[in-house]
Amino acid sequence: MAKEKLIIFDTTMRDGEQSPGASMTREEKIRIARQLERMRVDVIEAGFPAASDGDFEAVQAVARIVKDSTVCGLARANERDIRRCGEAVRVASSPRVHTFIATSPIHMEKKLRMEPSQVIEQAVRAVNWAREYTDNVEFSPEDAGRSDIDFLCRILERVIKAGATTINIPDTVGYTLPDAFGGLIRALRERVPNSDKVVWSVHCHNDLGLAVANSLSAVLNGARQVECTINGLGERAGNAALEEIVMAVRTRQDVFPCDTNIDTTQIVPASRLVAGITGFPVQPNKAIVGANAFAHEAGIHQDGVLKSRDTYEIMRAQDVGWIANRLVLGKHSGRNAFKSRLQEIGIVIESEEALNAAFKRFKDLADKKHEIFDEDLQALVTEENIEHAVNEHFRLVSLTAHSETGESPYARVVMTEDGTERQSEAQGSGPVDASFKAIENVVKSGTELLLYSVNAITAGTDAQGEVTVRLSKGGRIVNGQGADTDIVVASAKAYINALNKLHSRLERLNPQV
């Protein structure tokens, strides 16, 4: 008997973007959308169009370029939000409007300040407005996990009658336990009239580390869409991780009556792309996509794997995109080889000018680093896109840093501010601290440094270091990124990139703010 289809709904660019500092530009969303489409994700939630003009344009741009996946936008249950969302996604080959309203007693009383009957009527109006743009309408009762089930049945019956085609049950605050959440899905499917006319979906948060477990419990109880994100990205503790959902269902086909259409070999490339764009590195022991996910240290494990892989590995590394292609390019590689390799790993560069700039960066890197790996190319192109996406109000010209045992580290920076060259020196507790202080002597930004993170892109002492700097000012939080074989230079690049984002205001406030 053929397996039922489990729809994978990716919300990396919407809920994932609500992680502080993870806001994405239009160009970054397009790159992620292309990778999600390559991975055969069924539904791509591209953003919250009513949040800002920038997000509207980004969602609309994604809707235009994606052909094989449904493109969805999120809207609160009010007319302005829904019309804004409808206009953004209507250009898609397959558009969807996703609208929501809170249904838990605490949310209705404290946040909405509405009576339950008013909430039902507003939800019905929202579905009717959405249907003016598309027949593909999704409805979510926010905080369903803490809502009264009788009230849920009433509101869901009404929105299904109004024309909603997908009913999504969110565990908005990550409060529910797997047995209870699976039971809720089963009960709603049994009690809500015409429940067989809609697709039942779930959206679980990871506050208690149960997002994946809750989602899988729901699937076993009849849910046929799971909302998830690459690397489990999302506000607070994140969302259910797409890679874990997909591989759990794929690996345990003896248990699950359904399967996905996902091309699992694209999982690791997607993980790396999202980590690079958002500046949220993947922890080494992360399931599926962590660097240690298929590593074996214990002698007993190593012996078993050498005799038979399936003694300790329940998946093949190459099935999720871990490829043992080592050296791909070097300093003698030509432009065509460079372009071809970028295409092979899913990187599309639109213009000859951008390709030439990326190729020059590649040649500069090849002079410093003998072996160039796929990860280096991803970082190189990410940095190229970052610099083109923001106005370079500040630009690093040169950096000198000195560190010596028993002496105070110092740094001297030469940079331009709106084309005017400035320079400064400073001491610090280390060369990175001194570099940041020297930069601040020039810019006097008044920002707060929330995060400084270093990640080695590949192995070896000549590896590029990828630095993420998170800055906050006036309620705005932005990530800056920089990569270089010299970690101090990478740090300065990341700091200046964050300053440029704050100056350009290309990155918006997170929707909830």
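Overview of results
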read-out	value
Residue within the stretch 252-263 that is within 26 Å of residue 19 (Cα to Cα) and crowded, with 20+ Cβ neighbours inside 10 Å present	yes
Top-ranked residue of the stretch 344-357 - restricted to ones that are modelled with pLDDT of 75 or more and of a type outside the set (A, V, I, L, M, F, W, C), ranked as surrounded by the most Cβ atoms within 10 Å (Cβ to Cβ)	356
Some residue of the stretch 222-245 being touching a helix residue (DSSP H, G or I) at 6+ places or on another chain (Cβ under 8 Å), closer than 17 Å to residue 156 by Cα and in contact (Cβ under 8 Å) with a residue 12 or more places away in the chain	yes
Subset of the stretch 406-422 (residues that are over 19 Å from residue 486 (Cα atoms) and either charged (D, E, K, R) or loosely packed, with under 15 Cβ neighbours inside 10 Å (or both))	406, 407, 408, 417, 418, 419, 420, 421, 422
Selection status of residue 132, assigned by TED's automatic domain parsing to the domain that holds residue 268, at pLDDT 95 or above and either crowded, with 24+ Cβ neighbours inside 10 Å or on the phi > 0 side of the Ramachandran plot (or both)	no
Qualifying position, being within 18 Å of residue 10 (Cβ to Cβ) and not in a helix (DSSP H, G or I), among 212, 173, 219, 202	202
Residue that is surrounded by the most Cβ atoms within 10 Å (Cβ to Cβ), among those in the stretch 46-56 that are touching a Pro at 6+ places or on another chain (Cβ under 9 Å) and assigned to a helix (DSSP H, G or I)	55
Residue in the stretch 226-240 that is nearest to residue 201 (Cα to Cα), counting only those that are crowded, with 24+ Cβ neighbours inside 10 Å and not hydrophobic (A, V, I, L, M, F, W, C)	227
Listing of strands (runs of 3 or more DSSP E) fully contained in the stretch 390-479 that carry 2 or more residues being in contact with a helix residue (DSSP H, G or I) (Cβ under 8 Å, 6 or more places away or on another chain) and small (Gly, Ala, Ser)	420-427
Residue within the stretch 246-254 that is among the β-branched types (Val, Ile, Thr), in a strand (DSSP E or B) and within 26 Å of residue 97 (Cβ to Cβ) present	no
Subset of the stretch 105-127 [surrounded by 23 or more Cβ atoms within 10 Å (Cβ to Cβ) and in contact (Cβ under 8 Å) with a residue 40 or more places away in the chain]	123, 126
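The values are calculated or read from the model by the stated rules, or taken from the named source; none is laboratory data. For clarity, every value in this text was computed on a predicted model and none was experimentally measured. Cβ: placed from backbone, ideal geometry, glycine included. Neighbour counts: every protein chain shown.
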